[in-house]
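Each remark here refers to the structure printed beneath this line.
The values are calculated or read from the model by the stated rules, or taken from the named source; none is laboratory data. Values in this document were obtained by computation on a predicted structure and should not be read as measured data. Cβ sites come from the backbone with ideal geometry, for glycine too, and all protein chains shown count toward neighbours. Surface areas here come from the heavy atoms of the whole protein model, side chains and all, with no ligands, DNA or RNA. Shrake-Rupley method; radii C 1.70, N 1.55, O 1.52, S 1.80 Å.
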Number of protein chains: 2
Amino acid sequence: VSGPWVYLNGRFQAAETARVSVFDRGFLYGDGLFETVRAYGGRLFRADAHHARLATGAARVGITPPFDAAGFVDLLERTLAKNRLSDALLRLTLTRGVGPPVPDPAGCDTPTVLVAPRPAPGVDGQAWRRGLAAERVNVAGTGAGLKSTSFQPHVLALRGARGRGADEALLVNPAGDVAEGSVSNLFGVWAGTLATPPLAAGGLAGVTRALVLELAARLDLRFEERTLSAKALADADELFVTSTGWEVMPVTRLDGQPVGSGLPGPLTERLHRAYRERVTAACGLSRGPRRG
Amino acid sequence: VSGPWVYLNGRFQAAETARVSVFDRGFLYGDGLFETVRAYGGRLFRADAHHARLATGAARVGITPPFDAAGFVDLLERTLAKNRLSDALLRLTLTRGVGPPVPDPAGCDTPTVLVAPRPAPGVDGQAWRRGLAAERVNVAGTGAGLKSTSFQPHVLALRGARGRGADEALLVNPAGDVAEGSVSNLFGVWAGTLATPPLAAGGLAGVTRALVLELAARLDLRFEERTLSAKALADADELFVTSTGWEVMPVTRLDGQPVGSGLPGPLTERLHRAYRERVTAACGLSRGPRRG
């Protein structure tokens with residue numbers, strides 16, 4: 001299905017035949033967490049930040065991961081090597097493990113760990129320039145910042161948006177403000193100022209989001225966290241989303257209308273370039289940015 | 001783990017060894033739905049109502065169940081018979097099935113079907129009289145009425161409440177109103193009037209809730225759907241929760257304080273008795289109510 005080998009609870013197995021118990025709480029209740037880490041040229045990018053988020057989430061939900069930060073990196077690197085991949089997305093899934101099929105997880109204390117690779121998304125220069133079409137979707141809650149396998153609200157928002165010809169759904173919280181994308185964080189530019197919703201709006205603390213904030217500071221961009229009403233988006237000069245897979249990806253159409261000029265904006269371009277430079281530096285790539 | 005036999009995608013398998021692919025979207029994304037149906041004395045109770053809710057939810061999320069109402073009943077009855085059970089809870093899980101590990105479910109159209117039995121909860125008269133301790137828990141969203149396997153918010157609320165010595169968590173929506181219990185619906189009595197939150201508050205359309213409404217009408221009780229602020233609960237004369245497993249279960253303590261007299265109230269008793277009579281009539285039991 002994805003790659004030929006997955007890591008599951010201590011050993012590598014053929015992806016096609018790897019199985020978990022039907023009593024795994026990840027299957028019965030979406031009672032788990034996950035992280036997806038990008039590898040470029042054989043090197044993991046921002047693995048420590050992903051581990052930190054996983055560890056924080058695991059403590060909140062009361063799952064004890066059977067690895068520390070070094071063990072997390074080791075699992076991902078071994079999965080990469082086992083599959084002879086150098087550019088890939090590695091998803092680590094941590095669930096509460098097998099237990100009786102009742103909601104109360106008491107006594108369920110042997111977590112399940114899965115690492116599954118998939119090829120890195122192919123975003124060429126042409127696709128990047130075209131950018132994404134996004135769509136606003138009202139959601140009841142946005143997962144309260146946990147990167148949970150209880151992901152169905154996000155899945156449904158994305159599915160609806162894709163069904164209507166958009167690429168990404170922007171999730172609007174009950175207060176009417178944008179929280180995040182279904183699989184990304186959102187940024188925008190208004191009168192030269194870069195802004196993104198505060199995490200209090202309900203979005204996930206994206207690893208790529210954090211890096212883009214760091215890059216914005218280094219580039220001396222005017223920046224703020226700002227509550228973004230769904231209406232405010234329509235007035236943006238630029239919009240882009242960030243994720244491990246999409247990196248910095250322009251949103252050029254929103255709800256069927258062009259965003260700003262309808263082309264990737266100048267700050268989006270600068271941050272995209274800075275991100276790719278950071279990837280190149282961190283992962284020791286000799287070739288330049290993909291879309292260079 | 002639960003019973004010895006589960007039904008999985010067309011055949012019965014030993015529960016201990018029944019497995020699903022690690023790429024099942026139920027495991028990766030909590031992208032599925034479930035129903036839990038009670039069997040009394042070998043007869044299913046309210047199976048059609050459970051099927052109706054599942055069919056409605058499946059249409060909303062875009063999963064096509066490989067069975068109709070009769071097939072749903074047949075799967076449950078066969079699981080009951082295969083396990084030689086007469087009193088049991090039968091959980092049917094329907095997920096979007098196996099697909100690539102990306103959030104977009106496009107092209108994933110062979111659902112997974114699991115039916116797993118577990119013994120019926122043993123609620124004796126003494127436990128019923130003691131009633132439950134409940135606790136209020138603020139949640140970002142309550143699943144927008146879907147009985148989804150993306151159940152982690154409910155699991156975490158229940159886990160927190162149990163950890164603090166309560167039996168059930170009452171979920172408070174972002175507006176500050178009670179939506180439901182983590183695994184139940186809530187009812188209360190104020191000055192002789194029975195009330196339950198409207199489904200618009202975010203709770204699930206419980207099959208047992210619907211039956212209790214029907215019984216309240218038949219008993220000519222004063223009844224209304226009413227927005228219940230978390231504060232209003234403290235003034236209730238009676239509180240009870242309803243679910244397929246708990247049936248009509250008194251809540252006698254809330255956030256550590258007694259509810260009303262601290263004992264099951266008279267309307268709670270009447271509805272409990274009426275519910276048990278309905279079970280007896282529908283499932284042809286010759287013995288009287290369990291706690292009789």
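A few remarks follow.
- Restricting region A:30-68 to residues that are charged (D, E, K, R) and buried (at least 18 other Cβ atoms within 10 Å of the Cβ) leaves a set whose member that is farthest from B:Gly32 (Cα to Cα) is A:Arg46.
- Just so you know, in region B:1-16 the residues that are modelled with pLDDT of 95 or more and more than 24 Å from the chain's Cα centre (by Cα) include one that is most open to solvent (accessible area, probe 1.4 Å), and it is B:Arg11.
- Inclusion of B:Pro153 among residues that are open to solvent by 50 Å² or more (accessible area, probe 1.4 Å), within 14 Å of chain A (Cβ to nearest Cβ), without any contact (Cβ under 8 Å) to a residue 40 or more places away in the chain and outside any loop (DSSP other than H, G, I, E, B) is warranted.
- Within region A:215-237, the only residue that satisfies the criterion of being out of contact with any helix residue (DSSP H, G or I) (no Cβ under 9 Å at 6 or more places or on another chain), within 14 Å of A:Leu267 (Cα to Cα) and assigned to a helix (DSSP H, G or I) is A:Ala217.
- A:Ile63 meets the conditions (1) on the phi > 0 side of the Ramachandran plot; (2) touching a Lys or Arg at 6+ places or on another chain (Cβ under 8 Å); (3) more than 10 Å from chain B (Cβ to nearest Cβ) in every case but one. The failed one is (1).
- When A:Phe23 is tested against (1) under 26 Å from A:Pro101 (Cα atoms); (2) more than 12 Å from chain B (Cβ to nearest Cβ), exactly one condition is not met: (2).
- Whichever residue in region A:28-55 is touching a residue at least 60 places away in the same chain (Cβ under 8 Å) and part of a helix (DSSP H, G or I) and, among such residues, is nearest to the other protein chains (Cβ to nearest Cβ): A:Tyr29
- Residues satisfying the stated conditions in region A:168-199, i.e. open to solvent by 10 Å² or more (accessible area, probe 1.4 Å), without any contact (Cβ under 8 Å) to a residue 60 or more places away in the chain and facing another protein chain (nearest Cβ under 10 Å): A:Asn173, A:Pro174, A:Ala175
- Complete set of residues in region A:86-111 that are more than 12 Å from chain B (Cβ to nearest Cβ) and surrounded by fewer than 20 Cβ atoms within 10 Å (Cβ to Cβ): A:Ser86, A:Asp87, A:Asp109, A:Thr110
Residues checked against (1) over 14 Å from A:Ser243 (Cβ atoms); (2) at pLDDT below 80:
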site: A:Val113; (1), (2): yes, no
site: A:Pro117; (1), (2): yes, no
site: A:Val123; (1), (2): no, yes
site: A:Arg130; (1), (2): yes, yes
site: A:Gln152; (1), (2): yes, yes
site: A:Leu171; (1), (2): no, no
site: A:Phe187; (1), (2): no, no
